[in-house]
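The values are calculated or read from the model by the stated rules, or taken from the named source; none is laboratory data. What you are looking at is a predicted structure, and each value in this text was computed from that prediction instead of being measured. As a convention, Cβ positions derive from the backbone with ideal geometry for all residues, glycine included, and neighbour counts pool all protein chains shown. Areas reflect the complete protein model, heavy atoms only, side chains present, ligands, DNA and RNA absent. Shrake-Rupley method; radii C 1.70, N 1.55, O 1.52, S 1.80 Å.
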Amino acid sequence: MTAILIGTTTGLLAIFAIALMKFLDKQTVYGLILTGIGYLYVGFTWKDTGSLVLCIAQSMVFLFISYYGVKKSVLLLAAGYFLHGIWDLVFGLFPCSSLIPPHYDLFCLSVDFTIGFYLIILKYSNAKIFPLQ
């Protein structure tokens, strides 16, 4: 439960921090974050060749989701965050799951879902609070 609370808080703090940077293209920043979190697993798994190959492949998938999400639709970015959260849970089913830090799956899932829900709410609301543009 602590990992989820810390992850949700981290996601909210990221949203607030990004919103304060008025000069940035917010959609690009969220795309960069999604790309970066995909590559974290590469850093965790470099000691195991099979895991490393798997994680490089997943990071490339999130790179392309980020790229097209920035170019085409914030909803694709939101879907990427949700998919990464699911990846966090699924990774625990692999034999190499001990390579990631304890409770990282729940922490990262909660960050991903917090940002994903924010992007969806932002897309469909007329709120002027923390807009993408």
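The table for this structure:
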quantity: Kirkwood Rh in Å, taken over segment 1-126 so that all alpha-carbon pairs contribute; calculated: 14.8
quantity: Accessible area (Å², per residue) of segment 70-114, counting only protein heavy atoms and a probe of 1.4 Å; calculated: 48
quantity: Positive-end residue, the chain charge dipole about Cα centroid, Cβ charges, pick of ILE65, ILE33, LEU20; calculated: LEU20
quantity: Only Lys, Arg (+1) and Asp, Glu (-1) charged, at Cβ; segment 1-112 dipole about Cα centre in debye; calculated: 340
quantity: Computed accessible area, PHE82, all protein chains, 1.4 angstrom probe, square angstrom; calculated: 40
quantity: Other-chain or far-sequence residues with amide H under 5 Å of HIS103's (modelled H); calculated: none
quantity: Rounded to whole Hz, the Karplus (6.51, -1.76, 1.60) HN-Hα couplings of segment 15-31, x for glycine and proline; calculated: 4, 5, 5, 5, 5, 6, 8, 4, 7, 8, 7, 4, 4, 5, 4, 5, x
quantity: Protein accessible area in segment 1-92, 1.4 Å probe - carbon and sulfur %; calculated: 78
quantity: Prolate/oblate/rounded call for segment 1-50, Cα gyration tensor, a/c under 1.5 rounded; calculated: oblate
quantity: Accessible-area value, ASP105, 1.4 Å probe, nucleic acids and ligands omitted, Å²; calculated: 40
quantity: Segment 1-78-segment 107-121 distance, computed between alpha-carbon centres (Å); calculated: 10
